[in-house]
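The values are calculated or read from the model by the stated rules, or taken from the named source; none is laboratory data. Keep in mind that what you see is a predicted model, and the values were worked out from it rather than measured. Backbone-built Cβ (ideal geometry, glycine too); neighbour counts: all protein chains shown. The area values use the complete protein model at the heavy-atom level, side chains included, leaving out ligands, DNA and RNA. Shrake-Rupley method; radii C 1.70, N 1.55, O 1.52, S 1.80 Å.
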Amino acid sequence: PPPRPAATVEASLRAECAGFRVLLAEDNEINQIVAADLLQSVGLLVDIAGDGQAAVEQAKCHAYDLILMDVQMPLLDGIEATLVIRQWPGQRQVPIVALTASSLAEDRRACLDAGMNEVLIKPIDPAALFPVLLRLLRPVAQGANVKATDGIDPSRQA
């Protein structure tokens with residue numbers, strides 16, 4: 001299909017996915033602010049983890065509709081964090097999008113091999129981000145995927 005105009009993608013994302021919960025795993029404070037603002041501008045609820053270990057802990061305690069995972073982070077990098085999250089029942093279907101400064105094919109392959117669904121190059125461009133979010137969140141919005149709550153204590157969800 002032909003590419004959709006950015007305004008249409010943004011409007012569709014807002015209409016279909018507003019209120020969805022996203023985990024942003026990013027260690028750079030400026031990148032956290034920029035990405036959170038972009039995500040919130042289309043109605044998404046954003047939790048932030050400042051390193052890979054925090055991302056793993058938050059994913060263990062909360063049901064997320066999508067995770068944006070920086071590849072280069074302290075404690076656990078994004079690939080290691082993804083490998084841990086993908087081992088849990090109910091977390092195999094949660095879309096995970098790699099955020100990386102590297103455009104090398106082997107780095108992209110490593111992200112996909114770890115279980116990430118998509119790879120976006122930083123700095124984050126809304127024209128690249130929003131279509132990926134819409135494509136990955138639309139099945140959740142349409143009820144095609146069960147929410148990833150298996151093994152998560154409902155009393156710990158915020």
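Some notes on this structure:
- A simple charge model with +1 on the Cβ of Lys and Arg, -1 on the Cβ of Asp and Glu and nothing else charged puts the dipole of the chain at about 640 debye relative to its Cα centre.
- Charge-dipole axis of the chain as Lys and Arg at +1 and Asp and Glu at -1 on Cβ define it, positive-most pick from V84, V71, M116: M116
- Rounded, prolate or oblate (a/c below 1.5 giving rounded, otherwise prolate when a/b exceeds b/c) for segment 10-57 by Cα gyration tensor: oblate
- GluC sites (Glu not before Pro) lying in DSSP loop within segment 39-112, provided at most 15 other Cβ fall within 10 Å: none
- Whole-number accessible area per residue in Å² for the chain, which is evaluated in the context of all protein chains at 1.4 Å: 49
- Projected label points at N28 and R14, each 7 Å from Cα along the beta carbon direction, are separated by 2.7 nanometres.
- Taking all pairs of distinct alpha-carbon atoms in segment 45-124, Kirkwood radius in angstrom: 12.4
- Note on the chain: with neighbouring protein chains present and a 1.4 Å probe, carbon and sulfur make up 56 percent of its accessible heavy-atom surface.
- Computed lengthening from R92 to D37, 0.36 nm per intervening residue step minus Cα-Cα distance: 17.1 nm
- Summed side-chain charge close to A114 - residues other than A114 whose Cβ falls under 9 Å, Lys, Arg +1, Asp, Glu -1: -1
- Residue range of the chain that is longest and free of trypsin sites (Lys or Arg not before Pro) which are both DSSP loop and sparsely packed (at most 16 other C-beta within 10 Å): 1-91
- When all alpha carbon pairs of the chain are counted in 5 Å bins from zero, the resulting P(r) reads 2, 10, 20, 23, 22, 15, 6, 2, 0 %.
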